[in-house]
Amino acid sequence: MSIWLQVNTNNAEELTKRLPPEGSKVKVEFLVSSYDIPEAVRGSYNKEKCQFVIEFRYIGNSNEPTKPQPQDDYVTFVVGKNSSRLYGIEIDVKALKVEAVELRVKIKDEVKKTINNLIQRPINRLRLDNYWLTQKALSEKEDELYSPLSELSRSR
Amino acid sequence: MLRQERSEKVNSYLQYVKYGSGGIVLFVSASLKANVPDIPFLSSVIVHCQYNAWWIIILCTFAGGLSQYLNSHIGSPGNWRIVQHILDQYREEVFGKDENTKEDAEHFHRITLFKHFKWRWALERWPWSGWVVPVARSGSRTKTNIQCFPASKERPDDAEGVAGQTWARNREVKVCGLPDLSIDNPPENDIIEYAKKAFVTDEWIRNRMRTNRRGLQCRSLLGICIEVKGVPWGALVIDSRNPEPSRLKNTTKNPKLKTYKDILSRLLEKV
């Protein structure tokens, strides 16, 4: 199993909303709930299922039950049963049917495409911040995250 | 009364009811098969038990079940003591290490845990519309007459107070630099401004000012969402007499506070 890659949590600050001051000294801010900010991400290849799995780690909620939410023929999101928070992404490598050299690029594109779709058509509108932050986390840790795929390409 | 205090007071009585009713059911059930002895007092007791067994067993089983339900509904005192300790540690981390606030009295800066209930047992106009109710507070002072706020699932825009808004928006709500309403006869504009920015009505502020001789002391608030297994459970509200507490700025990044919040989420599964 690969190691967890710490994510920069400052990305959440971009999503802070503020009430217009209207000449007042009182500052009112609405910050993203810390439960929606992914703390770490990791990617691993499951040989038995032929799946590349991306997982997100959050505070306090690792005990929330999850459910699979298929997006297309290749990609399945793993979301929280109660919160619809994104806990993982499973990519069916076998179904992709691509050459070993293209694998990494193809999977990256698939993930990008489905995450973009998720932001356009969210499973739960209340979790839009979470989907946006997971997208940020993926692009931030892109190189290390997909490294298990390079090893897989070499072994094929 | 806070849930934490209620648990301490009621728990032992509920335990007595549970074990007492269990014992009575056991004795009455056993007496049904017993032969009536010749001993005068004991024979009359056993005859009474046999004659009234049907309703005693039903009543005691119901009482035992109800006390068990109430016990688990209120939460064990042991869990509430840990919740209290976490709130105290949280307060210490936010205010006890800040040069500007560490010398202040305990009740100048407080942390209150609110739980969301669909129904509130109180003589209110809309008890069924959804409320955030205080269940625990840091420190040992100012633990009575804490306000509850409406927070309806159907009308989240109408949620009141920072606690209600935090629950309704599922976001952390930070309000800093509130006007000083602890002075004599504060300007009307300040009352309106305070009410608007603290998500309450002007009337609510005036009522609080009438009941508190020293007026409203709180100058900054931070509402933090609390979830249990992915479900919004309530809110943690930090209130301070300091209009700009420096350590309130980065509570989301503080690893210690994250750990406390994590423990709290797991602990609240049991209460």
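The values are calculated or read from the model by the stated rules, or taken from the named source; none is laboratory data. Here the structure is a predicted model, which means the values were calculated and not measured. Here the Cβ positions follow ideal geometry from the backbone for every residue, glycine too, while neighbour counts run over all protein chains shown. The accessibility values were calculated without ligands, DNA or RNA, using every heavy atom of the protein model including side chains. Shrake-Rupley method; radii C 1.70, N 1.55, O 1.52, S 1.80 Å.
Please work out which residue is farthest from B:Arg137 (Cα to Cα), limiting yourself to the stretch B:94-110 and to residues that are surrounded by 11 or more Cβ atoms within 10 Å (Cβ to Cβ) and without any contact (Cβ under 8 Å) to a residue 24 or more places away in the chain. Of everything passing the filter in the stretch B:94-110, B:Lys102 is farthest from B:Arg137 (Cα to Cα). Of all residue pairs spaced 6 or more apart or on separate chains, those with beta-carbon atoms under 6 Å, a first member in the stretch B:127-156 that is touching a residue at least 60 places away in the same chain (Cβ under 8 Å) and a second member that is assigned to a loop (DSSP other than H, G, I, E, B) and crowded, with 22+ Cβ neighbours inside 10 Å are B:Val132/B:Ala151. Within the stretch B:14-37, being over 17 Å from B:Gly65 (Cα atoms) and either at pLDDT 90 or above or aromatic (Phe, Trp, Tyr) (or both) holds for one residue alone: B:Phe27.
What residue, of B:Arg169, B:Arg110, B:Arg91, B:Arg141, is closer than 19 Å to B:Pro245 by Cβ and out of contact with any Asp or Glu (no Cβ under 7 Å at 6 or more places or on another chain)?
Matching residue, one of B:Arg169, B:Arg110, B:Arg91, B:Arg141: B:Arg91.
Is it the case that the stretch A:88-102 has a residue that's closer than 16 Å to A:Asn46 by Cβ, aliphatic (A, V, I, L, M), at pLDDT below 85 and open to solvent by 10 Å² or more (accessible area, probe 1.4 Å)? Checking the stretch A:88-102: at least one residue is closer than 16 Å to A:Asn46 by Cβ, aliphatic (A, V, I, L, M), at pLDDT below 85 and open to solvent by 10 Å² or more (accessible area, probe 1.4 Å). Within the stretch A:32-53, the residues that satisfy the criterion of being surrounded by 15 or more Cβ atoms within 10 Å (Cβ to Cβ) and either within 14 Å of chain B (Cβ to nearest Cβ) or farther than 20 Å from A:Gln69 by Cα (or both) are A:Val32, A:Ser33, A:Ser34, A:Tyr35, A:Asp36, A:Ile37, A:Pro38, A:Glu39, A:Ala40. Go through the stretch A:103-131 and give me each residue that's assigned to a loop (DSSP other than H, G, I, E, B), within 14 Å of chain B (Cβ to nearest Cβ) and either small (Gly, Ala, Ser) or open to solvent by 30 Å² or more (accessible area, probe 1.4 Å) (or both). Hits for the stretch A:103-131 are A:Ile123, A:Asn124.
Scanning the stretch A:59-90 for residues that are among the polar types (S, T, N, Q), within 11 Å of chain B (Cβ to nearest Cβ) and without any contact (Cβ under 8 Å) to a residue 40 or more places away in the chain yields a count of 5.
Being touching a Cys at 6+ places or on another chain (Cβ under 8 Å) and more than 13 Å from every other protein chain (Cβ to nearest Cβ) is a condition met by at least one residue of the stretch B:219-239.
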